[in-house]
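Structure first, then comments.
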Amino acid sequence: MKNLLALLLLSFITLADDKGHESLMATLYVQESAEYKAHIRTTFKTAEATIPFLLKQKEISASVDQMNGEKNFFDKPPAIILDVDETVFNNSAYQARLIVNNTNYPDGWIEWVKEEKATFLPGALSYMKTAKELGVEIFFVTNRLHELEPATRNNLVKEGFDLSDDIDQILTRYEKPSWDRNKTSRIALIAENYRIIQIIGDNLGDFIDGQQNKKSSNFRKSIVEQTDSFWGFVWFMIANPTYGDWEGSVIDFNYEQSENDQIKKKLNALDLKNE
C-alpha cells in the first residue's frame, strides 16, 4: 500500500515539478506565513529572556564538552554561538530564485551572498543587541566559504549589528584547512576562552558533532531526545523547511541520485500511521 501511494504521488509530482514544486510550499511558508514569523519571534524572545539567568548560573554551558568534561569554564567570559543562514539571515529570496529559474543550490549562491541583501529574521537583532549589552560576546559559526566572509560581515553591519574590530567573530568554512562542514573544532576553539551560554541554529549539526549529524533520521531524532535538557534553555532550533541535513537523512545523504529517486525515498519515508 505504501509503495503504491509512493508511485501514484511520484507520477503527479514528476509532471508538476517544472518550477521546483517540491520546495515551493516550503519557501512560501517562510515568506508568506504569519505562523513562521511568530515561530521565529517566539524562539528569539525566549532565548533573549533566558540570558540574564544563564549569566548568573556559571556552572551551566551550552557546550556538551564543557558540561561533560571541562570544569574550569565557570569563570570564563560568556559567549553565544549563532549559525548565519536561516538562523540570523533570511535567504528565502535566493530559494525563490532557484524555483523560478528551475535550478538548484549552489547555482547563484555566491552571487547572492555578494549582493549583501539578506535580511535579519524577526527578533534576531533585538536578541543580539540584548546579549551584547549584557556583556556577552557573539560568534557566528557558519559554513559559508571563507571567501564570503567580507560580504557576510558587510551584510551584518548593513542590517544593524556592529562587529568587533579586535576579535574574529565570524568563523567560516575553510578559514583554516581543518574547518570543514563539521563545526565541532570551531565550537571547541571558542570554548577555550569562553563559557558558551547559548547556541542557536537551524540544523542539528550546529549543536552536535557533525559526524553524528550525518546519520539516519531515527538516529538524529534519538540525539534530540538524549539532549532534552539543552533544548529551549541553552539550545534553540530555528525551523528550516527549505533545506538541511533533515532532508539528507531521508535520502541517505546521496545527492548524486536523480531527483526522481530522491522523491521516491522521501515518499517511502512518509508515516501513514503516526508511528
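The values are calculated or read from the model by the stated rules, or taken from the named source; none is laboratory data. Values in this document were obtained by computation on a predicted structure and should not be read as measured data. When we count neighbours, we look across all protein chains shown, and the Cβ atoms used for this are built from the backbone with ideal geometry, even at glycine. For accessibility, only protein heavy atoms count, side chains too; no ligands or nucleic acids. Shrake-Rupley method; radii C 1.70, N 1.55, O 1.52, S 1.80 Å.
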In the set Leu121, Leu98, the lone residue that is crowded, with 21+ Cβ neighbours inside 10 Å and over 24 Å from Thr43 (Cβ atoms) is Leu98
Flag if Asn268 is out of contact with any His (no Cβ under 7 Å at 6 or more places or on another chain) and under 22 Å from Val30 (Cβ atoms): no
Can you tell me which of Ala191, Ala239 is touching a residue at least 60 places away in the same chain (Cβ under 8 Å), aliphatic (A, V, I, L, M) and surrounded by fewer than 21 Cβ atoms within 10 Å (Cβ to Cβ)? Ala239
Pairing a residue in the range 256-275 that is surrounded by 13 or more Cβ atoms within 10 Å (Cβ to Cβ) with any residue that is part of a loop (DSSP other than H, G, I, E, B), where Cβ atoms lie under 6 Å and the two sit 6 or more apart in sequence or on different chains, gives Gln262/Ile251; Lys265/Ile251
So is Ser178 more than 28 Å from Glu147 (Cβ to Cβ), surrounded by fewer than 19 Cβ atoms within 10 Å (Cβ to Cβ), polar (S, T, N, Q) and without any contact (Cβ under 8 Å) to a residue 24 or more places away in the chain or not? no
Just one of (1) over 21 Å from Asn91 (Cβ atoms); (2) in contact (Cβ under 8 Å) with a residue 40 or more places away in the chain trips up Lys221, so point out which. (2)
Could you pull out the residue among Arg173, Arg186 that is touching a residue at least 40 places away in the same chain (Cβ under 8 Å) and charged (D, E, K, R)? Arg186
Take Leu8 and tell me if it is of a type in the set (A, V, I, L, M), assigned to a helix (DSSP H, G or I) and at pLDDT below 95. yes
Search result, residues across the range 68-93 that are at pLDDT 95 or above and open to solvent by 20 Å² or more (accessible area, probe 1.4 Å): Lys76, Pro77, Pro78, Asn90, Ala93
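Matching residues to (1) more than 21 Å from Phe74 (Cα to Cα); (2) within 20 Å of the chain's Cα centre (by Cα):
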site: Lys132; (1), (2): no, no
site: Ile170; (1), (2): yes, yes
site: Ile190; (1), (2): no, yes
site: Ile197; (1), (2): no, yes
site: Phe207; (1), (2): no, yes
Only listed residue being touching a helix residue (DSSP H, G or I) at 6+ places or on another chain (Cβ under 9 Å), open to solvent by 30 Å² or more (accessible area, probe 1.4 Å) and polar (S, T, N, Q), chosen from Ser222, Ser229, Ser216, Ser185: Ser216
